[in-house]
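Enquirer: Dropping the structure in here first, questions after.
The values are calculated or read from the model by the stated rules, or taken from the named source; none is laboratory data. Owing to the predicted nature of the structure, the values given are computational and were not obtained by experimental measurement. In this analysis, Cβ positions are derived from the backbone assuming ideal geometry, glycine residues included, and neighbour counts consider all displayed protein chains.
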Amino acid sequence: MTAVTASREPDANTVRDETVRSVGSERPAPGPASAASRARSAVARLRPVLGAAGLLLIAWQAAAWSGLEAAHILPGPIAITGGLVDSAPAIAANLPLTAGSALVGYAIAAALAVAAACLAAMWAPALTQVVRAAIVLESLPTLALTPIVVIVAPGHTAGSVLAGLSVFFIVLMGTVSGLGAASPLMLEVHRAAGGRAAGAVWSVRLPAALPSIFSSLMIAVPAAVVGTIMSEYLVVGQGLGGIMLAAYEAMDSARVWAIALTSAALTGALFWAIGRIRDLVVPWAASRSTEYRAAAPTSSSPAHRMAVSALTGVVTVVVVLGLWVLAVRGLGLNAFFAKTPSDVWGYLVTSPDARENLAEILAYLAPTLAKALAGLAIGTAAAVLAAWLIVSLPLLERAAMPLVVAFRAVPLLVLTPAIGLLVGSGAATAVALAAILSFFTTLISLVQAARSTPRDVVLLARSANAGAFATQRLVTAPFALPALFGALRITAPGALMAAMSAEWLMTGDGIGFLMIQGGMESRFTTMWSAFVVMAAVSLLVFFAVALAERVVLRRLS
Amino acid sequence: MPSFRLLLAPTALAASALLLASCAAAETTAEGAATETAPAALAVQNRWVNNVQFAGGFVAEASGFYEDEQLTVTSTPGGPGVNVEPLVVQGTADIGLSNPANTAHAVAEGAPLTIVGAVYQTSPSAVISLADDPIEAPADLVGRSVGVTAASTASFTAWLASAGVDAADVEIVPIQGDAAPLVSGQVDAISGLATNQGVALELAGEQPVVLELSDFGRDSMDLTYTVATADLDDPERRSAIVRYLAAEIRGWLSVIDDPQAAVDVVLEGPGADLDLDAVQQLEQATLTNDYIRPSDDVQVLAMPEELVDKTLATLAQDGVDADASLFDGSLVDEAYALIEAGE
């Protein structure tokens, strides 16, 4: 039972690990080379990146000067640099607020997550439940909870809470998969020497889990920064998110982009710092090899597995609902806005209007699904194409991949209104956001997977006179397929969240709009019910992808 | 108690006569009602970032008006995701700056809330277009596109209907709130506030044309003070709110009297970190004054019956269920009595 869950989780995490590794591995290879030659090789390695960045900046500036800048749609790099200079005092005043809120939330949530995972690891059934609860909670549209969070955590605390919520689940999953990665031999030795399961967690499992924990800590950085800035933008009114809001209001688009770049830099700096700590604590982590695998084969019968899944599923639902009630009661939240599972059940199932209530929510859900699906399809297709090109042309890989990884630090959600101006309509913004997020996650994991294709298989294909593109199709693609599915597990629910957030911020239709409108008009039961429906759909999507993965990979193997 | 005569600016002679009389009066009230003027702490939730929109409170704090009333006031900024009503219901905030529609919705859903004062006595809601393609009357909107925020779509369509325009003939485009979609040509007009986007457009070198909804059959109070109804029955809490309103009135009168000084307070104090544009803030403050005190005989923050009726009519138009019990104007009246007694 644990094996089933555990075999799924490392895969989902592996995909995210790619971001970490592709950045983390950008360091000179150790060797006898002199400092001067190392510097020369660094410059040689950077040349394609700098070239690509230069071309990008020139194209951007040209587009801005062609009229986009004058129309307040898109400022060029020169204007943004001006905006950065002009905003320096405001940024200097607010960056510490944002960094402080993000770090407090980050540190507390990470510590709690590691502790929770270690405690749960002492008892297998608890571990299963913690992992499942984490999957459910991670697929919640936490952004839509911001107006509720601010009621119990006013001011900057809201920023910390939102950062913490995003961090907790990522680190929890990272820790759980790391704890499960301990060498069976070591565990056996520990047991044979008279150690207990609880002791093994500390002396064997935790040290083995450190690389995975650090990976998740690095992956969690962008989520923490975006969570803080979004809450500042939506409810706190201070920090980088606060000045972003003021800049939008003043139509100072150069400042908007300057702030976005600043938060990207903040993300990059924190990411780098945690990477350095990782190198000190677990120097072997960065060289850990990546292994893609489909779900581990299980020996039990399908009927038995289904029964076990159903049972743990029911327990998970009970656990999550229990946590929900506990939060509402424990924090003493007023029933006017803090609805409970029974309120939602009544609204959607037992009340005389239940049918209409559910119909209303589903009617709002439909456009969200359409936008998310369109964005996911476009983003994934573009990523497959781009990965193909990048892997086939090594120069392109060296030029583009560092930019691709760096781009992921830009807090896209905060730029939603700016993207809205670029693409022209609210619905297109939702599709674009979903597409961009899917594109980058998929591209990075595909390129990483292609890189990890065994060298001898590629050489074999080459020796049989296969061209670069043919090698891709015949050799690399089968190795990249698991990576594609791994990415989809993140991007499919992610696209849904992106579409919902865009609706929440600007489009005026879809389930995101229903939630914000519900809050505005004090229709809190509608808001919570929409939230539950959204979470259920997001989970269904996750499991549908997992199922598709199992079917497809089994046929391939 | 410090003198307050400069702000109300009566003639110097009358003021000094009043001052002499009221000093004696103030002492007796202070002695007689010691329990009611117990020091109190109030948490205020604003609905937006710390800009000149909330200058009255910021000036009251900076000028010591809260302190005069033995109040410690903590104000918290907001943003587009803040719903003021649940914050007041939960008690996280004692006073919320909201609008009648949001509070009426909350009351209809069972929240025990009351509106006790209004900063804007007439609504600055407007349709804003550009001079090269102006929208000067509701009928001009037929066949055009208008950017409307998600939050105000319902009330905008209700206004269209009341102004005799079929909503089906107008293309409503959801926007975030700022005027950029208008400048970029994405829409022909935006629904916004005469005091906000118009100024931003002017400063961006554009020529905005402002059509005020209040000129075409839609008027309402706005930026209203929402409190928990239960607080009004508790003598100590009620006294604290009345004293808060008294300080706010003095604060807003200062803003009307000297918008530049008010902008300085905001930009050097609560709004300092936002690095706001001083010119834009002054322009906004000056324009806003006409909504806070449309004419000299208007009592700032007061909610006379005709204002309540007009607001209820607008709410009814929007399909919001509300009646006059949503408003309680007696606290502002008491606040004025307190100010007069304190002079």
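Enquirer: Return the total of residues in segment B:44-80 being more than 11 Å from every other protein chain (Cβ to nearest Cβ), β-branched (Val, Ile, Thr) and either touching a Phe, Trp or Tyr at 6+ places or on another chain (Cβ under 6 Å) or part of a loop (DSSP other than H, G, I, E, B) (or both).
Expert: Residues meeting the conditions: 1.
Enquirer: Regarding segment A:138-161, can at least one residue be identified that is β-branched (Val, Ile, Thr), under 16 Å from A:Ile490 (Cα atoms) and touching a residue at least 12 places away in the same chain (Cβ under 8 Å)?
Expert: Yes, that holds for at least one residue.
Enquirer: Please work out if B:Glu136 is within 12 Å of chain A (Cβ to nearest Cβ), of a type in the set (D, E, K, R) and either in contact with a strand residue (DSSP E or B) (Cβ under 7 Å, 6 or more places away or on another chain) or in a helix (DSSP H, G or I) (or both).
Expert: no
Enquirer: Quick one: which residue in B:Val116, B:Val88, B:Val148 is surrounded by 24 or more Cβ atoms within 10 Å (Cβ to Cβ) and under 25 Å from A:Gln238 (Cβ atoms)?
Expert: After applying the criteria, what remains is B:Val88.
Enquirer: Which one of these is away from chain A (no Cβ under 14 Å) and either under 15 Å from the mean Cα position of the chain (by Cα) or assigned to a loop (DSSP other than H, G, I, E, B) (or both): B:Val127, B:Val116?
Expert: B:Val116
Enquirer: From the set of residues in segment A:215-242 that are within 8 Å of another protein chain (Cβ to nearest Cβ) and β-branched (Val, Ile, Thr), which is surrounded by the fewest Cβ atoms within 10 Å (Cβ to Cβ)?
Expert: Per the criteria, the residue is A:Val235.
Enquirer: How many residues are among the aliphatic types (A, V, I, L, M) and more than 22 Å from B:Ala335 (Cβ to Cβ) if we restrict to segment B:213-260?
Expert: 1
Enquirer: Looking at this structure, is A:Gly486 modelled with pLDDT under 85, within 30 Å of A:Pro394 (Cα to Cα), more than 14 Å from chain B (Cβ to nearest Cβ) and crowded, with 18+ Cβ neighbours inside 10 Å?
Expert: Yes, satisfied.
Enquirer: Any idea how many residues of segment A:108-149 are out of contact with any Gly (no Cβ under 9 Å at 6 or more places or on another chain), surrounded by fewer than 19 Cβ atoms within 10 Å (Cβ to Cβ) and within 19 Å of A:Val221 (Cβ to Cβ)?
Expert: 1
Enquirer: Test each condition in (1) of a type outside the set (Phe, Trp, Tyr); (2) closer than 24 Å to A:Ile419 by Cβ; (3) out of contact with any helix residue (DSSP H, G or I) (no Cβ under 9 Å at 6 or more places or on another chain); (4) surrounded by 13 or more Cβ atoms within 10 Å (Cβ to Cβ) for A:Gly67 and report the one that comes out false.
Expert: (4)
Enquirer: Okay, next question. Can you tell me which residue is farthest from A:Ala92 (Cα to Cα) among those in segment B:275-290 that are more than 14 Å from every other protein chain (Cβ to nearest Cβ) and surrounded by fewer than 22 Cβ atoms within 10 Å (Cβ to Cβ)?
Expert: So, considering only residues that are more than 14 Å from every other protein chain (Cβ to nearest Cβ) and surrounded by fewer than 22 Cβ atoms within 10 Å (Cβ to Cβ), the one farthest from A:Ala92 (Cα to Cα) is B:Asp290.
Enquirer: Pick from B:Ile249, B:Ile241: which is surrounded by 23 or more Cβ atoms within 10 Å (Cβ to Cβ), of a type in the set (A, V, I, L, M) and within 16 Å of B:Val88 (Cβ to Cβ)?
Expert: B:Ile241
Enquirer: Please find, among A:Thr267, A:Thr262, the residue that is hydroxyl-bearing (Ser, Thr, Tyr), within 14 Å of another protein chain (Cβ to nearest Cβ) and within 24 Å of the chain's Cα centre (by Cα).
Expert: The match here is A:Thr262.
Enquirer: For B:Ala106, state whether it is more than 26 Å from A:Leu514 (Cβ to Cβ), assigned to a helix (DSSP H, G or I) and either aliphatic (A, V, I, L, M) or touching a residue at least 12 places away in the same chain (Cβ under 8 Å) (or both).
Expert: no
Enquirer: I would also like to ask the following. Restricting to segment B:309-330, what's the tally of residues that are without any contact (Cβ under 8 Å) to a residue 24 or more places away in the chain and of a type outside the set (Gly, Ala, Ser)?
Expert: The qualifying residues number 3.
Enquirer: Among the residues of segment B:139-161, write down those that are more than 13 Å from chain A (Cβ to nearest Cβ) and over 21 Å from B:Asp219 (Cβ atoms).
Expert: Hits for segment B:139-161 are B:Val142, B:Gly143, B:Arg144.
Enquirer: Within segment B:181-203, can one find any residue that is within 12 Å of chain A (Cβ to nearest Cβ), small (Gly, Ala, Ser) and part of a loop (DSSP other than H, G, I, E, B)?
Expert: The answer is yes; a qualifying residue exists.
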